[in-house]
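Peer 1: So that we are looking at the same thing, I have put the structure below in structure tokens.
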Amino acid sequence: MALVDVDLALIGYGGATSLLLDALDRHGVRGLRIATVDPVETARPHRTWAFWTGPRDAFDPILDAAWSHVDLYGPGGAQRLELAPMRYAMVRSGPVFARADEAADRLGVQAVRASAAALDDDGTSVTVRDAGGAAIVRAAWALDSRPTAPHRPGRTFWLQHFRGWWVRADRDVFDPSSAILMDFRTPQPAHGVSFGYVLPTGPRTGLIEYTEFSPARLDDAGYETALRSYLKLLDLPELAVEEVEDGAIPMTDAPFARRPSPRVVRLGTAGGATRPSTGYTFSAMRRQAEGIAAALAAGGDPVPPAAYPRRHLWMDAVALRAWDRGLVAAPAFFERLFTRNPPGRVLRFLDGLTSPAEEVALMGSTPLLPMARAAAGDLLARIVR
Ligand SMILES: Cc1cc2nc3c(=O)[nH]c(=O)nc-3n(C[C@H](O)[C@H](O)[C@H](O)COP(=O)(O)OP(=O)(O)OC[C@H]3O[C@@H](n4cnc5c(N)ncnc54)[C@H](O)[C@@H]3O)c2cc1C
């Protein structure tokens, strides 16, 4: 394979790179030589992305659905959360990838079908090597979204792991104007927390998922049983399952190296875009993409700001610790967070966008004593590390 020489090598062509290509195109970045490096041609991981957004969004034309209110079923019963003017939105990866491919065509991106095994950074350029050590791409910058482990261990390592069914009914069964965001009526695991959610796309179609925040995945039979019993709880008739959605996202206070070497920048989950206390990643990946595109359009370096402020990562570390050590039950935690604060504040917090004053109010709505114990434990663990 001839060496491809570019300004920007995008290693991994999944969510983060797709959003970046779309942003580069929208920001009118032209004249950059760009290559993507991914071993997979068409089967980029298919998934559904749910995220918060405002009344208008660049992805409106490709959204599957958006809701201005959502329901939460916590220990205190059912609560409807009015989100307006914000919305909870859902987009499937297919249209996002299609948009990225169109952007790639306009940007003249070269697709290198290979697995990147090493990124050798000499401080002025990066050489991308395959598993045999051959140089396949040389670039001024490499933006790397290959899955990677945190660069040092954390104090809590959980997963958000889930399985969902895209279902179709033969009569109207859903209210398409409202989604179920978190339904904690599911049987709770011994260690961790579980919930169901329902994202309807029409009166007869939608995505129903069973999710756990806990240390380890279930086996197939475990997800199957959990989903069947959740459908029973929702009192839904027999539904045709058209597609299965399955995955696991890290929930950890272990840090991800955002810039492992001068000219290598990590993106997406590998770059710390996953919010440790929720697994939400999509909005942070979009912010990173916008930041990089704006910087490049202005003639700067493709280095995005951190996905979340440090104080948010600390708050997430404390929350994870409190749940993991059994100091606070996550269902009550989320219920208090959502019902004792204006939803807009909580949503901005989950996206990492609140001010310190708003965060004081948010902290005040959580169970203070157990959270203080978790914070003290976290501090001690950091000191003795
Ligand atoms: C099923 C699922 C549903 C999700 N739903 C949501 C959601 O609703 N909301 C939300 O905010 N987040 C969600 N997430 C989390 C997050 O948004 C996604 O994981 C997102 O795809 C992360 O993007 P990424 O680019 O970091 O990783 P990926 O999209 O996984 O892309 C990584 C790419 O790297 C490539 N690659 C791997 N090894 C190599 C190699 N050696 N060389 C070159 N390329 C390589 C892979 O082929 C892949 O294309 C979900 C995650 C999953 C798994």
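Peer 1: To the nearest 0.05, what FRET efficiency results for ALA98 and ASP246 with a Förster distance of 30 Å applied to their C-beta separation?
Peer 2: 0.85
Peer 1: Quick check: convex hull of the Cα atoms in segment 157-252, volume per residue, rounded to a whole Å³?
Peer 2: It comes to 91 Å³ per residue, whole-number rounded.
Peer 1: A further question on this structure: With an 8 Å Cα cut-off and a minimum separation of 6 or more residues, compute the relative contact order for segment 310-384 in percent.
Peer 2: 45 percent
Peer 1: Let me check I've understood the local charge: for ILE249, count other residues with C-beta under 15 angstrom from its C-beta, Lys and Arg +1, Asp and Glu -1. What total comes out?
Peer 2: -2
Peer 1: Using a basic spin-label model with each label point 7 Å from the Cα along Cα→Cβ, how many nm lie between ALA58 and ASP235?
Peer 2: 4.4 nm
Peer 1: Just how far, in whole angstrom, is segment 96-163 from segment 16-62 if you go by their alpha carbon centroids?
Peer 2: 15 Å
Peer 1: Quick check on the exposure proxy: order LEU107, LEU181 from fewest to most C-beta atoms within 10 angstrom.
Peer 2: Going from sparsest to densest Cβ surroundings: LEU107, LEU181.
Peer 1: What share of Cα pairs, in percent, lie more than 42 angstrom apart in the chain?
Peer 2: 13 percent
Peer 1: Further question: Could you pull out every residue, at least 5 positions away or on a different chain, whose amide H is within less than 5 Å of the one on ALA117? Hs are placed 1.01 Å off N in the peptide plane, and Pro or chain starts have none.
Peer 2: When sequence neighbours closer than 5 places are left aside, the close amide H contacts are ARG129, ASP130, ALA131.
Peer 1: Let me ask you something else. All other residues with a Cβ under 11 Å from the Cβ of ARG286 taken together, and with Lys, Arg as +1 and Asp, Glu as -1, what is their net charge?
Peer 2: On the way: positive: ARG287; negative: ASP22, ASP57, GLU290, ASP351.
After counting each charged neighbour, the total is -3.
Peer 1: Lys and Arg at +1, Asp and Glu at -1: add these up for the other residues within a Cβ distance under 13 Å of VAL173 and post the number.
Peer 2: For residues surrounding VAL173, the net value is -2.
Peer 1: On to the next question. Taking the number of other C-beta atoms within 10 Å as the exposure measure, put THR156, THR201 in order starting with the fewest.
Peer 2: Listing THR156, THR201 from fewest to most nearby Cβ atoms yields THR201, THR156.
Peer 1: From the backbone phi of segment 199-206, what are the Karplus-calculated ³J(HN,Hα) couplings (6.51 cos²θ - 1.76 cosθ + 1.60, θ = phi - 60°) in whole Hz, Gly and Pro given as x?
Peer 2: Coupling constants for segment 199-206: 10, x, 10, x, x, 10, 10, x Hz.
Peer 1: Can you tell me the 0 to 90 degree angle between the C-alpha axis of helix 220-233 and the longest principal axis of the chain, rounded to 10?
Peer 2: 50 degrees
Peer 1: Treat every Asp and Glu Cβ in the chain as -1 and every Lys and Arg Cβ as +1, leave all other atoms uncharged, and give the resulting dipole magnitude about the Cα centre to the nearest 20 debye.
Peer 2: So the dipole magnitude of the chain works out to roughly 1180 debye.
Peer 1: Explain nothing, just the number: dipole magnitude of segment 82-237 about its Cα centre with +1 on each Lys and Arg Cβ and -1 on each Asp and Glu Cβ, in debye rounded to the nearest 20. All intermediate terms of the calculation are to be shown ahead of the outcome.
Peer 2: On the way: 18 positive and 19 negative charges, 13 e Å.
Dipole about the Cα centre, nearest 20: 60 debye.
Peer 1: Can you list the residues, at least 5 places off or on another chain, whose amide H is less than 5 Å from the amide H of ILE249, using H built in the peptide plane?
Peer 2: GLN160, HIS161
Peer 1: Moving to a separate point now. Counting alpha carbon pairs within less than 8 Å and at least 6 residues apart, what relative contact order, in whole percent, applies to segment 157-252?
Peer 2: 46 percent
Peer 1: By the gyration tensor of its Cα atoms, with a ≥ b ≥ c the square roots of the eigenvalues, what is the shape of segment 310-384: rounded for a/c under 1.5, prolate for a/b over b/c, or oblate? Walk me through the numbers on the way to the answer.
Peer 2: Working: a/c = 2.17, a/b = 1.41, b/c = 1.53.
Taking the square roots of the gyration eigenvalues as a ≥ b ≥ c, segment 310-384 is oblate.
Peer 1: Moving on to the next point. Can you list, largest first and rounded to whole Å, the semi-axes you get for segment 221-280 by taking the square root of 5 times each eigenvalue of its Cα gyration tensor?
Peer 2: So the three semi-axes of segment 221-280 are 38, 12, 9 Å.
Peer 1: Related question: Specify which residue in the list PHE349, ALA319, ALA381 is farthest towards the positive end of the charge dipole of segment 310-384, using unit charges on the beta carbon of Lys, Arg (+1) and Asp, Glu (-1), about the Cα centre.
Peer 2: After comparing all options, I get ALA381.
Peer 1: So for each of 58-67, 204-213 I average, over its residues, the number of other beta carbons within 10 Å; can you give me the resulting order with the highest mean first?
Peer 2: 204-213, 58-67
Peer 1: Taking the Cβ of each residue in ASP57, ASP316 as the centre, tally the other Cβ atoms inside 10 Å and list the residues starting with the fewest.
Peer 2: Going from least to most buried by this count: ASP57, ASP316.
Peer 1: Obtain the radius of gyration and the Kirkwood radius of segment 14-152 from its C-alpha atoms and give Rg over Rh.
Peer 2: Ratio of gyration radius to Kirkwood radius: 1.08.
Rule-based calculations on the coordinates, nothing more; no lab input. Just so we're clear, the structure is a prediction, and the values are computed from it rather than from any experiment. Positions of Cβ are generated from backbone atoms using ideal geometry, with glycine treated the same way; all protein chains shown enter the neighbour counts.
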